[in-house]
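Reviewing the structure listed below.
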Amino acid sequence: MRLLVLGGTSFVGRAIVDDALRQGAEVTLFGRGRTGTDLFPGVPRLIGDRDTGDYAALQGGSWDAVVDVSGYVPRHVEQSMGALGDRVGRYLFISSQAVYVRSGVGPGSDEDAPRRPPVRDTEELDEDTYGPCKVACEDDVVARYGSRATIVRLGKVAGPHDVQDGLVYWVRRAARGGRVALPSSPEQPVQVIDSRDAARLVLRLLLDGRPGAFNAVGPAEPTTMAELITTCAQVAGSRVEIVPVSPEAVPPFFPLTHPEPMWPTQQRSPARARAAGLPATPLAVTVADVLAWDRERGEPPLRHALSPTEEEELLAPKDTSVTRNRTAHGR
């Protein structure tokens, strides 16, 4: 299989290229050439820039399939499809669970759940626009390629080379042991998918020529935050005590935590993807590999995290003696 990957040198794209090469695919990369320059020696690289609309390097050649890892706004997709036309057999677009509506959908929802209205009039991506822009991208790919279009809607992805905090924070924190502040309910459901499982699904869908949309979510078994933290501790050989704290006491977007109304977003059904070949790596395996990789790279600072000092202050007993004395004296 001749495969063109738009992106392919950062985390999910890297896992896809790794898996494709292991399966004997002839891979070509398209990107700016600024990241992962030491990766995949011998793999042809076409240099271009989606932000500036530079697709000149794609004027020649043909491929059995393209995997679009780096399309975030409709212009990216429109221009890449215009450059490639029918010189690709299948167009697989990497989308997100953020395409779905945020309320009114219960646990176990599948790929037919309502999506958010598409947005095409902005390229400023935030909590309000990221998902709707992905919806517009999905629609454009399906409109252009029809039965040759495949959509993979990723959940929270975890694994070695993770560029976000996510599972990395909890792996690192649980390994330290002791009392662990959790700004959510211990019973909060959480879904993380191993990047290598997501990559294997992508390749399977391409090899089988499957159209349609697929929820790439994991892990193998339904998991709560308490179970995830406990698994991290067991893998690291540490002991933890989980202490729920107020979500208002920590910075926003704290890793993997969600308010209760959002819990169904962490209970999506992976049934269609499993039937199509999505593997189910045990969470403990993903955790062990993340732990080893994070230690090897020297555990650099994380963006959304509590420092040990901040966590100690958050968990410290509050001195209520002053309040009691004032109450006793009617003040």
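The values are calculated or read from the model by the stated rules, or taken from the named source; none is laboratory data. Note that the structure is a prediction, hence the values are computed from the model and not measured. We place every Cβ from the backbone using ideal geometry, glycine too, and count neighbours over all the protein chains shown. Side chains are part of the model used for accessible areas, which takes the heavy atoms of the whole protein and leaves out ligands, DNA and RNA. Shrake-Rupley method; radii C 1.70, N 1.55, O 1.52, S 1.80 Å.
The table below gives the values:
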item: Most mobile of Pro219, Pro247, Pro308 in a GNM of the chain (Cα contacts under 10 Å); result: Pro308
item: GNM flexibility winner over the chain from Pro264, Pro300, Pro244 (Cα, springs under 10 Å); result: Pro300
item: The stretch 136-232: chymotrypsin sites (Phe, Trp or Tyr not before Pro) falling in loop per DSSP and having at most 13 other Cβ within 10 Å; result: none
item: Separation of alpha-carbon centers, the stretch 46-94 and the stretch 235-283, rounded to whole Å; result: 33 Å
item: Relative contact order (%) - criterion: Cα under 8 Å, at least six apart; region: the stretch 22-98; result: 26 percent
item: In order through the stretch 164-177: 3J(HN,Hα) via Karplus (6.51 cos²θ - 1.76 cosθ + 1.60), integer Hz, x for Gly, Pro; result: 10, 7, x, 5, 4, 4, 6, 4, 5, 5, 5, 5, 6, x
item: Mean separation of Cα contacts under 8 Å (6+ apart) over length of the chain, as relative contact order %; result: 18 percent
item: Whole-percent carbon and sulfur share, accessible surface of the stretch 1-77, 1.4 Å; result: 47 percent
item: Candidates Gly71, Gly36, Gly209, ranked by Gaussian network fluctuation over the chain, Cα under 10 Å, top entry; result: Gly36
item: Relative contact order of the stretch 187-257, defined on C-alpha pairs under 8 angstrom at six or more residues apart (%); result: 43 percent
item: Per-residue HN-Hα couplings for the stretch 39-52 [Karplus 6.51, -1.76, 1.60; θ = phi - 60°; Hz; x = Gly/Pro]; result: 8, 6, x, x, 7, x, 10, 9, 9, x, 9, 5, 5, 9
item: Helical mean residue ellipticity (222 nm; -39500 (n - 2.57) per DSSP H run of 4+; nearest 500) of the chain; result: -10000 deg cm²/dmol
item: Surface accessible to a 1.4 Å probe, Trp63 within the full protein complex, Å²; result: 20 Å²
